[in-house]
Amino acid sequence: DTAVSQTPKYLVTQMGNDKSIKCEQNLGHDTMYWYKQDSKKFLKIMFSYNNKELIINETVPNRFSPKSPDKAHLNLHINSLELGDSAVYFCASSPKVAANTGELFFGEGSRLTVL
Amino acid sequence: RKEVEQDPGPFNVPEGATVAFNCTYSNSASQSFFWYRQDCRKEPKLLMSVYSSGNEDGRFTAQLNRASQYISLLIRDSKLSDSATYLCVVKGGYNKLIFGAGTRLAVHP
């Protein structure tokens, strides 16, 4: 009964390809996020959606496009993959916009390797 | 200057030791602070919030110094299972959580 699940867990692909990572949460939360953790272990927010509406869009190349079909799902599509996109991508959710508890519930991460 | 800075470590300590991590943040208007724990190749999980007056949760004590803009985490009586990376987190604008790069702790027998 995984609360926040993301697929695939591992993704190895060639430069220039397009790939998607899917995320689903069964916690009934309103807000979902995508974070990127690079090789230096910095966890940086990319996007945040609240009830399917985009509320945070950090300085991310427009090759990255999030899509939230409903509040339980937030997918990430990446076009024209580059070597620098190699990282672990974490999906997360919270009851409201990073509610006062500061608790985000993270998925297990999707490790993307671009060759 | 990074928004949240931490000493990356690693801190190598024997079981039973007391260890402390510090973290500094750049935005003096920040209001909320947290410590997360991340095990190797796993997702981060909330360890504890940091309150202005300081707070304790078992062997863990968190403190906030607003004047100097730093947060600390003290772990007493370290266990092998405490080995992990500890992430300092500050709530920024639009309620987004800003993570430090983490401090790695290795507890050995």
Query raised in the report: Which order results if A:7, A:59 are arranged by neighbouring Cβ count within 10 Å, fewest first?
Result: A:59, A:7
Report task. Run through the DSSP bridge list for chain B and note the antiparallel percent, rounded to the nearest 5. Result -> 90
Query - Calculated on alpha-carbon atoms, Rg and Dmax of chain B in Å - result: 13.3, 44
**Report entry** Exposed-site-free run, longest, chain A (rule: trypsin sites (Lys or Arg not before Pro); DSSP loop; at most 13 other C-beta within 10 Å)
**Finding:** A:64-95
Query raised in the report: Just how large is the dipole of the protein assembly as shown about the Cα centre, in debye to the nearest 20, putting +1 at every Lys and Arg Cβ and -1 at every Asp and Glu Cβ?
Result: 260
Query - Range in chain B, longest, excluding exposed trypsin sites (Lys or Arg not before Pro) [loop by DSSP; at most 11 other beta-carbon atoms within 10 Å] - result: B:2-40
Query raised in the report: Under the definition of Cα pairs under 8 Å and six or more residues apart, what whole-number percent is the relative contact order of chain A?
Result: 37
Query raised in the report: How do B:13, A:12 line up, fewest other C-beta atoms within 10 Å first?
Result: A:12, B:13
Query raised in the report: Under a point spin-label approximation (7 Å from Cα along Cα-to-Cβ), what is the residue B:40-residue B:57 distance to one decimal in nm?
Result: 2.4
**Report entry** Fewest-first ranking of A:73, B:108, using other Cβ atoms within 10 Å as the exposure measure
**Finding:** B:108, A:73
Query - Cα convex hull of the protein assembly as shown - mean projected area over all directions, nm² - result: 12.6
Requested in this report: Compute the Kirkwood hydrodynamic radius of segment A:46-110, taking the inverse of the mean of 1/r over all pairs of distinct Cα atoms, and give it in Å to one decimal.
Outcome: 12.9
Report summary line: Kirkwood radius from Cα pairs of chain A plugged into Stokes-Einstein at 25 °C, 0.890 mPa s, gives D in µm²/s equal to 175
Query raised in the report: Roughly how many debye, to the nearest 20, is the charge dipole of chain B about its Cα centre, given +1 on each Lys and Arg Cβ, -1 on each Asp and Glu Cβ, and no other charges?
Result: 280
Query - Average projected area [Cα convex hull, segment B:1-60], square nanometres - result: 5.5
**Report entry** Fraction of antiparallel bridges per DSSP, the protein assembly as shown only, in percent to nearest 5
**Finding:** 90
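Rule-based calculations on the coordinates, nothing more; no lab input. Model, not experiment: these values are computed from the prediction. Don't worry about glycine lacking a Cβ; one is built from the backbone with ideal geometry, like all the others, and counts go over all protein chains shown.
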